[in-house]
Each structure stands twice: as C-alpha cells, then as structure tokens.
1. Go over the candidates 136, 203 one by one and state the one that is farther than 30 Å from residue 63 by Cα and at pLDDT below 95.
2. Identify all residues within the stretch 271-309 that are part of a helix (DSSP H, G or I) and over 19 Å from residue 89 (Cβ atoms); write none if there are none.
3. Taking the stretch 14-26 as the search range and keeping residues that are under 16 Å from residue 147 (Cβ atoms) and in contact with a helix residue (DSSP H, G or I) (Cβ under 9 Å, 6 or more places away or on another chain), which one is surrounded by the fewest Cβ atoms within 10 Å (Cβ to Cβ)?
4. Does residue 269 qualify as being more than 26 Å from residue 64 (Cα to Cα) and without any contact (Cβ under 8 Å) to a residue 12 or more places away in the chain?
5. Name the residues in the stretch 250-275 that are in contact with a strand residue (DSSP E or B) (Cβ under 8 Å, 6 or more places away or on another chain) and over 13 Å from residue 101 (Cβ atoms), would you?
6. Determine which single condition residue 160 fails, assuming it passes every other condition in (1) buried (at least 19 other Cβ atoms within 10 Å of the Cβ); (2) part of a loop (DSSP other than H, G, I, E, B).
7. Could you count how many residues in the stretch 166-197 are touching a helix residue (DSSP H, G or I) at 6+ places or on another chain (Cβ under 8 Å) and either without any contact (Cβ under 8 Å) to a residue 40 or more places away in the chain or assigned to a strand (DSSP E or B) (or both)?
8. Taking residue 401 and the conditions (1) more than 30 Å from residue 26 (Cβ to Cβ); (2) surrounded by fewer than 21 Cβ atoms within 10 Å (Cβ to Cβ); (3) out of contact with any helix residue (DSSP H, G or I) (no Cβ under 6 Å at 6 or more places or on another chain), which numbered condition does it fall short on, given that it satisfies the others?
C-alpha cells in the first residue's frame, strides 16, 4: 500500500468519526498545554494525521543513513588529517582549533539528524541539511505520537495494520554510554551533564533525557554551559561543585561562538579536558552548510568510492557561496523560485530566504544581504506534498495539502528514527508556521 493510500484511509476515518476525533484532539491539546506550562514553553502545533511511512521506506532510510554516515566520517577524518582540505571550509580559527583538539574516544559523529526532501512515490530525494550535536525534535515526535495513538481514529486505522513508532530517548542513551565507555578517561559510574544555553534549549526534552540516564543507573543533570567550571589541576569540568565525567553537548557551535565571551571556561577547557564531551567539536565539519558545496568538490570525490560519489551527485543539491561567482547572477535574480539562500552556519531556519516565499523586490534584497554576508546559494527542492487535516479555532475540520520535510535520526552511525514536519511555505519549520506530525511505520 502506498503512503498516499494510507493517508486517504486515515483522513476518511477522521471524517467518519469527526466528533469523537475532535474530543480526542482537544483532550490531547490540553495535555500538551499542561506540559508546556510546566516548562514555560509553547505547545507544539500538530496535525490530526501522523506522518505515515511504509516498511519499505523505513528500510530505504536505513540504507540512506548507512551511506551518508560513511561519507561524513570520511570527510571528518580527512579534515582532521589534511590542512589543505581544511582550507575549503573557511572556518573561524577558534572553531578549527576546537575541532582539532584531543578527543578520548574514536567515534567521529555520535549523533545527527539528516534532513531531506523525500518523494514517497518514487523514492527519490535530496538533502536539506545535516544537524549534529544540537539535533532535537525528540520531544515533539514522542509527544505527538503518544497523543495521536490515544485517539479513536488511530484505533480504527491500526486494527488491520501493523503500526509502530520510534523510541528516541533510551536508544540514544544506549549509544551515548557505548561511546562514553570507549573513552580513555571513562569511570565506572559517570555523572552526566546535558549542556546547553538553557534559554535556547528544549527543557522538557532535556528532562526526559536526564530521567532516561538515571533509569539506566547513571546520575544526570541539566547544566547551563555558562556555569560550568573547568579545573586545570585535574582537567575536568565541574558544576555546582560536582565533577562532570561526561557531557551530552546540546549547545550548537554557532551559538557557542557567538556567545563565547559568556562561557570562556567551557571553550578553554574543551581544548584539553578529560571530561568526555559527546559530541566533540569535530562534528561541526558535518554541520556547516558549506559542506554541501565541498561534497561535490574533486577533493572530496578522491575520498569516496564510485558508489558514494554517485550518491553525492544524485542527492546533494547544487550549492555555492554567493561571493564565489560560480553561478549566473541574472539567472538567479530572475528565477527566484529555483533558489534558496542560507547562512553557512545557522540553525532553526534563521536568516534563510526561499525565493518561492518572496516578492521580486524581497528576493533582490535577500540576494544583496546574502552577497554582503557570504551566504550560500542553493538549488531549491520542491517538497513532496501530502494531504492532512486539522481542527481550526472554531473546531471545524479543515483538509489541507502541505509540503513535507523528513529528518532521519542517526545515533552512533545507525538509523534511529524519524522527525517529520509539514508546512505551507518554501521553508518548513516551526518558525515559518510549520506543523510537527509524529512519524509512524505501517506494515501490512
């Protein structure tokens, strides 16, 4: 059965049982609001129909993750070993110094979420971006799946089908601990700190991870990165007087560098600490968006097999810097719907401009901003469109067609789950009126 057929079946059930579905959805929204109030956040926006994938698509995603993980590991390793290759990335000297600092474990890419635009009809796709240590969305996915699975509509839909979802917390704890216990400075009972700028982090997600570590028997805390203390005498980080043996780094490198004056202890200590920082700053090599241009450089092709080169050519959209001149300016100016402009290192869709969402005048302004700041120019990929529905503020059932973006979680090189979003605009994110969906795999 195709995903489009599964979608239609689910939507029909909702229409057939709209009153019961409304009752279930309103109850779920109240639960989300209560949880959001506990953590002083906003409830996540979601739709009535989860993102449904077939078992065949899930198996395809496993192969995609395996291939991309192999490519990214080769790129990171070559960056560490080859100064000439490093120059292609043009990274801030401080970031480069952090990337090249010692690490007590061998894993190059502990965690990532690789986002792509996937065509469910023919299996074709192109990547959007690679997120590494700051990878998030686990809380949204888990909460939405839990809520939708509690509805009568899901009960009716799943009666004759095998429907499953992904577990995104304990599975990461398992891989985190494997990496930690491969570290040369490991201890038997590590104190683990989930570290971020707490005003930027996702508090309910951090709390769930903290509980997951403790469930496995390891004490864990959530720590603001600015309050970590580094002690040179033993080369460990401390928080409120307690020694930190392992850090789950959620602080995005770009934000860390922008706020470096507020956390000198962490930046200086990270250069030579015995605390296992998972992930190490070398993951930034995979995170920076300029990588999309470098992947299609001859210097990278020399690292890859013929199959990997073909994979890159097929699935990495054309990318260049606006300052490079490696494109036809008039073509870009007059065909805005074919292009998107983005910074080389940002997150949460900040300063991203999709031509399809802008007027001609706005697009010209975006180009000027991009050229002045050496932003990236990238081929725009039209998202795959699926049907869905939701209840509006008047509790009327509204059918919609929305573009999709799919994130594949990669824990220690393995496919671990899916993060799904949908939206009306060229940029699909919560910051651009997007919806989270909750991902499920359907087998006959």
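1. 203 is the lone residue from the list that is farther than 30 Å from residue 63 by Cα and at pLDDT below 95.
2. 306, 307, 308, 309 - these are the residues of the stretch 271-309 that are part of a helix (DSSP H, G or I) and over 19 Å from residue 89 (Cβ atoms).
3. Top of the filtered list is 23.
4. no
5. 250, 251, 265
6. So the condition that residue 160 fails would be (1).
7. 4
8. Every listed condition holds for residue 401 apart from (1).
The values are calculated or read from the model by the stated rules, or taken from the named source; none is laboratory data. Quantities reported herein were computed from a predicted structural model and do not represent experimental measurements. For neighbour counting, all protein chains shown are included, and Cβ atoms are generated from backbone atoms with ideal geometry for every residue, glycine included.
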